[in-house]
Amino acid sequence: MGNQFPFYEFLKTFYKDNKSKVRRYYKDLTKKFLDYNDKEKNSEAFLREPQFEALEMYVFIKEFLDNKQMYEIFDEWRNKEGKFADTNYFKGSIKKGQLTFFDETAKEHDIYFKELNKFSADYSNYIFSLAMGLGKTLLMATCIFYEFLLANKFPKDERFCHNALIFAPDLTVLQSLSEILTFDKTKVVPKEYAAVLDANIKIHYLTEGNTLNTIDKSDFNIIISNTQKIIVKRKTSEKTPGSKLFTQTKIIANTSLDDAISLIYGEAVNPDNLDLNQRFMKLSRLPHLGIYVDEAHHMFGADLEKALRSKDKTDHSNTSLRNTINLLSEYLRNEKNKDTGTTHLKYQSGIVGCYNFTGTPYVENSILPEVVYSYGLKEAIQNEYLKEVDVIGYENVKNEDFLRGVITEFWENYGGKTYDGLNPKLAIFGSKIDEIINEVKPAVEDILSELGIPITTILVNVGDTKDGKRYTSEADIGLFNSLDVKESEGNKKQFLLLVNKGREGWNCKSLFSVVLYRKLEKKSRVFVLQATMRCLRQITEEQQKARVFLSKENYEILNDELEKNFRLQISDLTKSESKREKYQVKVIPPPRYIKVKVIRHEYTCDPKKAPDKVDFKLSERDFSKYKATRYLKELGANYTVKEENIDYVRKTTHLNRYQLVFEIALYLNIKPTVISKILDTATDRIDKILELVNTYNDILYDILIPEIFNSLYEVKSNIITEEKTLLLLKEPKNAGYYEFSANPDLVIKNSDSEVQKYVSKSFHADTYCFDSKPEMECFRQYLRSSKVNKVYFTGMFTSNQGDFSIQYIDPESMRLRRYYPDFMAEMQDGTYQIIEVKGDNMIDDSVVKAKSYAALEIASIDSKMEYKIYPGNLIMKTNVLEENTQRNL
């Protein structure tokens with residue numbers, strides 16, 4: 001049995017438990033980028049939760065773990081070295097039922113480490129596994145946009161990609177990647193930065209026959225290609241003199257490169273042995289290249305493993321995509337070393353990294369060790385990112401009777417309905433063209449006629465026969481490509497008769513049913529899984545149900561393939577009984593208003609006479625927070641900690657006197673001559689200033705610029721208080737209700753018997769959907785208390801639903817944000833309470849504290865307003881209104 005160690009789960013747990021500490025290592029631009037895509041901080045964020053979590057792990061690997069190879073990351077983790085050396089990182093994560101550092105044995109660690117090391121290349125290689133339909137293409141685009149923004153801001157930082165090559169496994173997936181061409185970047189990139197990308201990015205979409213026209217050594221190119229257009233192959237026949245003249249086959253004379261080719265292909269270098277096409281050679285001259293491999297959801301088992309890796313380091317026979325990437329890395333590495341003019345290999349890697357996006361973390365029931373994030377098929381269905389699905393098996397039924405039963409059931413459930421303006425569709429897969437044309441199509445036509453359904457709703461897409469006979473015209477292909485286009489002719493086609501279209505990456509969210517009624521050849525077993533998954537894509541905001549109809553043999557094959565590729569069974573594809581339910585939440589009149597005093601800070605900036613000298617006090621300052629330190633903790637009979645300064649590994653920008661002057665002048669929008677005079681006359685000598693700035697670049701922004709600004713300007717602050725009347729809940733636009741999804745166990749309605757006695761004290765909406773048991777318990781305590789006159793649950797209503805929110809400064813991004821407190825209570829003594837309930841582990845979080853201080857500031861100017869924050873565990877154990885139990889900040 002292969003690798004069973006889920007290291008990616010440990011990494012995710014580590015990140016979540018230490019998120020605030022980890023973010024200290026991130027660039028400010030990175031924090032802004034992440035916050036823009038975080039629904040907790042930006043209610044309009046575009047990415048789904050799985051996409052955002054994958055993006056978080058992508059950045060975590062990049063900026064916290066410095067883009068290291070997986071075997072290096074794991075080795076540091078298991079030995080608690082490097083970034084994992086601080087044991088404080090592991091505090092709080094050792095809870096019952098959770099993964100911890102000590103859950104696995106040393107033997108399992110060794111097996112995993114050897115597996116990683118066996119397949120390691122000279123570049124970092126990561127796998128992001130998201131179930132089909134979760135948006136891997138747009139996630140890839142978002143990661144590339146992040147790379148380019150950081151590369152533009154920090155061009156000398158070797159961790160960031162300046163160019164990106166996206167590999168698709170076949171032509172159909174290549175077509176789906178064209179979405180990147182038209183994608184609105186402002187959905188995932190802050191608007192002020194999207195313009196930078198638009199001005200610099202060049203997208204090259206390689207179709208049949210076209211060449212790659214990138215400028216050598218240029219930046220910010222995105223090349224989208226299927227693997228066949230780039231892959232390096234051995235020549236199988238002698239070229240004619242004419243073809244040799246127009247084909248680039250010569251390899252750059254370089255000893256290390258020759259050795260690399262010999263290593264990959266197991267033979268002495270011979271330029272005529274390899275076919276290096278024009279696209280490959282152009283790619284080899286693009287610096288800081290990142291490679292993004294879309295294995296796509298239709299690749300499983302051996303095909304997936306082959307795409308992700310060579311068999312091993314000594315495999316000389318394979319001319320796979322992976323070996324092409326290896327060779328490309330060798331070319332780029334030699335280009336980098338040649339540019340430096342060094343004879344030794346200064347750069348050990350030619351590409352920044354290879355980022356693989358797959359539909360599963362498993363191959364033949366073993367975990368791919370390079371996985372850094374996984375969001376599975378079962379999770380996606382349970383959390384309503386995909387359709388629910390019923391899998392129905394048939395046995396001992398004649399072919400035509402089987403089709404009649406399937407089509408009848410499909411029409412009873414979906415006939416006459418539309419979903420997001422699209423007609424529901426059923427796909428019948430055949431194994432051969434003759435089978436579809438001569439058996440299935442006539443039977444389907446008869447069945448549709450019996451049911452009164454026009455046979456014009458049939459669409460046949462089977463490709464060409466071996467003898468060149470065509471049953472599918474170009475017009476039919478056009479209809480097939482417009483199945484999901486509203487009011488198109490393609491949308492009118494509801495019964496699709498297909499051959500092999502399950503394997504390819506075509507996307508059709510209006511596909512509701514799949515039919516496989518004959519047992520396929522053994523080599524096509526995985527096709528049953530591929531075809532089944534075609535109908536699971538989400539359509540409409542409300543989760544829909546798909547139906548898959550299989551013969552008994554195919555039913556068993558599907559169960560077996562689910563086990564091998566997802567560790568699931570058919571029963572796991574159906575949502576559990578504890579599923580979340582949809583609730584239509586209506587506003588209860590009369591409108592509830594509350595009068596609050598709000599604070600507005602008004603600032604003025606007045607010039608003042610510049611001092612004769614500016615004293616930066618550099619000799620008195622503590623620079624320890626800037627120092628890079630390495631800790632080695634040895635566990636044994638004597639517990640020891642070794643500490644050493646490693647500032648030498650830090651990547652810093654070296655500035656001369658003139659560059660320093662212009663950097664400050666540009667930042668403050670002040671004449672360079674003024675800045676030059678300040679630095680020349682400063683108490684600290686200019687050479688001392690330069691030495692410190694070039695050692696720790698952050699000093700420029702933390703000390704020099706603020707001190708110069710304060711010496712030239714006086715900032716005055718004036719606090720203005722205003723009384724406003726806020727509406728707690730607005731009527732929904734264009735509807736009679738708001739829609740929420742919630743766990744039924746965390747829902748209280750105004751019609752529930754337990755609240756009838758107190759209903760007049762609350763319920764500005766007829767249904768309250770709580771996020772946690774502590775929230776619901778807090779509401780019950782306030783509702784039943786004689787000290788409380790009114791209490792409203794406001795935490796479920798956010799942007800555009802109500803006026804009651806509090807502005808605060810996010811301590812990580814330093815941006816102005818809003819948050820929505822959980823409760824607003826009016827007490828019997830005429831005072832008001834703003835109430836927040838938080839998990840015990842979140843009470844001391846920096847963002848939570850920032851929200852609390854903002855709420856306390858409002859309460860401090862209004863003698864009738866009080867702010868309370870309760871830890872969840874305390875609420876579950878104590879009646880918070882009977883004792884003074886609120887958390888002191």
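Points to keep in mind about this one:
- Segment Glu620-Leu451, extension gain: residue separation times 0.36 nm, minus the distance between their alpha carbons: 52.0 nm
- Contour excess over end-to-end distance, with Cα ends at Asp680 and Lys191 and 0.36 nm allotted per residue: 172.1 nm
- With a 1.4 Å probe rolled over the protein heavy atoms of all chains, the accessible area of Ile686, Ile166 falls in the order Ile686, Ile166, largest first.
- The number of Lys pairs in the range 717-834 with C-alpha atoms less than 14 Å apart, excluding pairs fewer than 8 positions apart on the same chain, is 5.
- Computed extension gain for Met876 through Thr695, at 0.36 nm per residue and net of the alpha carbon distance, reaches 60.0 nm.
- Charged-residue dipole, Cβ positions (Lys, Arg, Asp, Glu), the range 1-91 about Cα centre, Debye nearest 20: 220
- Placing a label point 7 Å from the Cα of Asn800 along the Cα-to-Cβ direction, the residues of the range 43-62 with a backbone N closer than 12 Å are 43-45.
- Greater than 18 Å apart at Cα, pairs in Lys16/Lys582; Lys838/Lys868; Lys27/Lys625; Lys509/Lys582; Lys12/Lys62: Lys16/Lys582; Lys509/Lys582
- Nearest-0.05 FRET efficiency for Thr408 and Lys21, computed from C-beta distance (R0 45 Å): 0.15
- FRET efficiency, Lys864 to Thr604 (Cβ-Cβ, R0 22 Å, nearest 0.05): 0.10
- Set of aspartates and glutamates near Lys107 by C-alpha distance (under 14 Å), chain-local residues within fewer than 8 positions excluded: Asp75, Glu115
- The GluC sites (Glu not before Pro) of the range 1-51 that DSSP puts in a loop, and whose beta carbon has at most 13 other beta carbons within 10 Å, are Glu40, Glu44.
- In this structure, Leu727 and Tyr853 have a Cβ-Cβ separation that, at R0 = 35 Å, corresponds to a calculated FRET efficiency of about 0.85.
The values are calculated or read from the model by the stated rules, or taken from the named source; none is laboratory data. Worth saying up front: this structure is predicted, and the values here are computed from it rather than measured. Note that we place each Cβ from the backbone using ideal geometry, even for glycine, and neighbour counts take in every protein chain shown. When the accessible area is computed, the model is the full protein with side chains, heavy atoms only, and any ligands, DNA or RNA have been set aside. Shrake-Rupley method; radii C 1.70, N 1.55, O 1.52, S 1.80 Å.
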